[in-house]
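The values are calculated or read from the model by the stated rules, or taken from the named source; none is laboratory data. A quick note: this is a predicted structure, and the numbers were derived from the prediction, not measured. Don't worry about glycine lacking a Cβ; one is built from the backbone with ideal geometry, like all the others, and counts go over all protein chains shown.
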Amino acid sequence: MVFSEGTRMLAESGPSIDDLVASMTLEEKCALTVGGDNWHTAGVPRLGIPAVKMTDGPNGARGETAGGLSVTPSVCIPSATALGATWDPELVRQASAAMANQALEKGARVLLAPTVNLHRHPLWGRNFEAFSEDPLLTAKLAVGYIRGVQDLGVIATVKHLVGNEAEFERNTVTSEIDERSLRELYLLPFEYAVRVAGVLTVMTSYNRVNGEFASDDRGLLDGILRGEWGFEGFVMTDWRAIITTGKAALAGLDLEMPAPPRGFGPALEAAVRSGEVPEDVVDAKAIRMLRTFDRVNALHGSQAEDEQPSDRAEDRALARRAAAEGIVLLANDGMLPLDASRVRRVALIGPNAARLAIMGGGSARVVPHYCLSLPDVLADRLGAAAAVRLATGTDPHVPGGSVEDEPDATARLDEAVEAARWADTAIVVVGTDDLVESEGYDRDSMALPWRQDELVRAVLEANPRTVVVVNSGAVVDLPWTDRAAAVLQTWFGGQELANALADVILGEADPGGRLPTSWPLRIEHSPAFGNFPGENSAVRYGEGLLVGYRWYETRHLPVRFPFGHGLSYTTFDIGEPALSATYVPLGERLRVSVPVTNTGSRRGSEVIQLYIAPPGAGQMHAEWRFRPAKELKAFAKVRLDPDQTTTVTLELGPRAFAHYDSADPGWPALSARKPGYVFLHRPPRPVLHRACAGWYVAEGDYELHIGRSSADIAHIVTVRVDGGDQPLDPAILPD
Ligand code: BGC
């Protein structure tokens, strides 16, 4: 918090927030609705209301910035895809708490995270910053994240509401999303953030949603967020995203960030004076903001504004554990883990072997406390008995082209091949970096940049004992996977990635990650292909509900690796599930208990995933509402010693069976226009047209698919679920 000269602090026992706002002038109230600078709210010095500091972002508390970079270092935890791959909300809670601590050390009380937009398309530049393609996995991890932050008295900000699944023309584009897909997919993580985690701030997106800028959208802010979900915190814009004054004020936006003011502040004051915006609308904004700050005690006491971030041993250990828990073993013919006592000559090959990518670009980028060198870490861990030779093989950011364009390319490739031949063990580390994957632009292609496929093929040819490590923040083409002895996906694993990777390669940690996103065989198979990035200022979410595995499973399309996939170094048996009931009355919960046994010889982890297939799932049927073939509804990660068995309990609430029906209230009038004849050989079937929108449960037999990925199902059990003609009680939580 900043106290400008002469500012007195608000006393602990001071006036109530309502009285405080009542004592403010219109000018002061309006001043509160705009940032004081890039990273602070404005404060009201006359009344001792401090400016509150905010900081990005999802994988580190950036603090003050200069030239887009943090001025002091930060704990750099793994990026969101890596956290998504942990499938572990508790671990995410611990990681976000480490960041919240660092935010406090930098004087900040608001953390601009988590990002809960979905991986709609593999090429979105910010996929690395978002957890998953699946709304439930995203939602559960976001809840862990928000709790970790807010339990420490730091305000979390769930962002970006809503439909920000591409960088393309992000300030102007309209995301055209049907109501049902909005509710079931894109809004769901926000709903959890508000209703389950009690998030205190929401950041609107830059884009428009169905034609309306998010920060101007009364139906979204006042209607869904506050009206339906009961959100009590405040809503802020994304940076410089404000569009209007009166419209945004009436829609429910509270804070324009950052300074200088464009839509709120003096312009809002003028709108009140002209009668366009009633003053009590501004009062409500001031009250919401001050109450929120008060809840985390940010209005009282002083806090050093100097940034004094510490680099703690426990944060290092946590970052390392989180990175290993997110590393996905995509394929393994038994080469991994390496037996360190038998390795003599290791060739460490590839541009990312020399410089691991630990985070993506844009507002999530931080200056980490330190960067570890993989060659040094590995050499150290293998000891004097093994030699480690490094060969980059290709040069990052040399424009693509032929070998002739880049005279050194052949020599580099030859050096890599020679190293691979010399080695008893080759480790190729390929990937991207924070220039390839960044906020601000989308990727142009799913292919690995810098001719790395050529490099991998040449190394695989030279030495079949090759582990390929993929160090990208999002999905990249992996056309050679069948020929590699083992393939690991590390994501952007944060400051401890080198240690975590060595832990996994050497078998000191089990690869804990499972894919939070489907890995398509080709970009042309992906659901939004043809509707990405958009045209004529619009991006049509034409795949509707069929995002990610919902698409591949429903359309029976092959994938390179399915959603949820990831191998362990040990094996697990998923035993027969037991249900708490075989019939679920409307509004009741179901518990599914699943015994899991480690049948291998090492300690390891498994993620038990429960998908539902409602009646008629994946089929066209006019009498049912269309349902994707499978939808993830519960999951649990277990860590077991050899021969150990545990029973996981997966809970399904009423919303797990429900779908959102946006209703068709105009149907009675429309149906009056029936033609005067019917086809007698096929009389019309009754078709459902509801009058009222909401969450409905269709009665019938629901299959529960329990397994280790969307495609690897160990058991299918059926449960009879009661349905209803009326929507579920809106008070029922999504969880
Ligand atoms: C990003 C936000 C971020 C803000 C502040 C924007 O460009 O979209 O996610 O919090 O900048 O850096």
Revision key, fill the gap. Picking from Val487, Val468, Val430, the residue that is away from the ligand (no atom under 16 Å from the Cβ), touching a residue at least 40 places away in the same chain (Cβ under 8 Å), touching a Gly at 6+ places or on another chain (Cβ under 6 Å) and not hydroxyl-bearing (Ser, Thr, Tyr) would be Val430
Point to revise | Options Asn210, Asn164: the member that is more than 16 Å from the ligand (Cβ to nearest atom) and more than 25 Å from Leu290 (Cα to Cα) | key: Asn210
Exercise for review: Identify, from the list Leu330, Leu290, the residue that is surrounded by 21 or more Cβ atoms within 10 Å (Cβ to Cβ), over 30 Å from Thr41 (Cα atoms) and not β-branched (Val, Ile, Thr).
Suggested key: Leu330
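Answer yes or no: is there a residue in the stretch 184-197 that is within 14 Å of the ligand (Cβ to nearest atom), modelled with pLDDT of 95 or more and closer than 20 Å to Ala364 by Cα.
Among the residues of the stretch 184-197, not one is within 14 Å of the ligand (Cβ to nearest atom), modelled with pLDDT of 95 or more and closer than 20 Å to Ala364 by Cα, which makes the answer no.
Is there a residue in the stretch 579-592 that is under 20 Å from Phe657 (Cβ atoms), in contact with a Pro (Cβ under 6 Å, 6 or more places away or on another chain) and in a strand (DSSP E or B)? Reasoning before the result, please.
First pass over the stretch 579-592, keeping only residues under 20 Å from Phe657 (Cβ atoms): 579-592.
From what's left, in contact with a Pro (Cβ under 6 Å, 6 or more places away or on another chain): 587, 592.
So of that shortlist, the ones also in a strand (DSSP E or B) come out as 592.
Yes, there is a match, as at least one residue in the stretch 579-592 is under 20 Å from Phe657 (Cβ atoms), in contact with a Pro (Cβ under 6 Å, 6 or more places away or on another chain) and in a strand (DSSP E or B).
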Study note, to complete from the structure: Only one of Gly219, Gly144, Gly198 is on the phi > 0 side of the Ramachandran plot, in contact with a helix residue (DSSP H, G or I) (Cβ under 9 Å, 6 or more places away or on another chain) and not acidic (Asp, Glu), namely Gly198
**Study point:** Among residues of the stretch 306-346, those that are farther than 29 Å from Val607 by Cβ and in contact with an Asp or Glu (Cβ under 9 Å, 6 or more places away or on another chain), counted
**Key:** 9
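Examine the stretch 280-294 for a residue that is in a loop (DSSP other than H, G, I, E, B) and either away from the ligand (no atom under 16 Å from the Cβ) or free of Cβ contacts under 8 Å to residues at least 40 places away in the same chain (or both), and state whether such a residue exists.
Within the stretch 280-294, none of the residues are in a loop (DSSP other than H, G, I, E, B) and either away from the ligand (no atom under 16 Å from the Cβ) or free of Cβ contacts under 8 Å to residues at least 40 places away in the same chain (or both).
Results for (1) farther than 26 Å from Arg555 by Cβ; (2) aromatic (Phe, Trp, Tyr), shown as yes or no for each residue.
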{"residue": "Trp695", "(1), (2)": "no, yes"}
{"residue": "Ser709", "(1), (2)": "no, no"}
{"residue": "Ile713", "(1), (2)": "no, no"}
{"residue": "Leu728", "(1), (2)": "yes, no"}
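Surrounded by 20 or more Cβ atoms within 10 Å (Cβ to Cβ), of a type in the set (A, V, I, L, M, F, W, C), in a helix (DSSP H, G or I) and away from the ligand (no atom under 16 Å from the Cβ): does that describe Val346?
no
Being at pLDDT 95 or above and surrounded by 14 or more Cβ atoms within 10 Å (Cβ to Cβ) narrows it down to one of Ala409, Ala416, so name that one. Show your work before the answer.
On the way: Ala409 fails: at pLDDT 95 or above.
From the options Ala409, Ala416, the qualifying one is Ala416.
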Point to revise | Yes/no for Leu268 being within 19 Å of Asp37 (Cβ to Cβ), in contact with a strand residue (DSSP E or B) (Cβ under 9 Å, 6 or more places away or on another chain), more than 16 Å from the ligand (Cβ to nearest atom) and in contact (Cβ under 8 Å) with a residue 24 or more places away in the chain | key: yes
Exercise for review: Could you please give the count of residues in the stretch 441-451 that are surrounded by fewer than 24 Cβ atoms within 10 Å (Cβ to Cβ) and in contact (Cβ under 8 Å) with a residue 60 or more places away in the chain?
Suggested key: 6
**Study point:** Output for the stretch 35-71, where each listed residue is in a strand (DSSP E or B), more than 15 Å from the ligand (Cβ to nearest atom) and closer than 20 Å to Ile242 by Cβ
**Key:** Ala51
Exercise for review: Name the helices (runs of 4 or more DSSP H) wholly inside the stretch 74-154 in which the number of residues that are in contact with a Leu (Cβ under 7 Å, 6 or more places away or on another chain), away from the ligand (no atom under 16 Å from the Cβ) and over 29 Å from Phe561 (Cβ atoms) is 3 or more.
Suggested key: 89-105
Review point. Any residue at all in the stretch 218-241 that is at pLDDT 95 or above, within 14 Å of the ligand (Cβ to nearest atom) and of a type in the set (Asp, Glu)?
Key: yes
Practice item. Keeping to the stretch 244-260, report how many residues are surrounded by fewer than 19 Cβ atoms within 10 Å (Cβ to Cβ) and assigned to a loop (DSSP other than H, G, I, E, B). Key: 3
Point to revise | Pairs where the first residue, in the stretch 236-253, is within 18 Å of Gly219 (Cβ to Cβ) and the second is more than 16 Å from the ligand (Cβ to nearest atom) and of a type in the set (Val, Ile, Thr), C-beta under 8 Å, 6+ apart | key: Gly246/Val277; Ala249/Val277; Ala249/Val281; Ala249/Val282; Leu250/Val277; Leu250/Val281
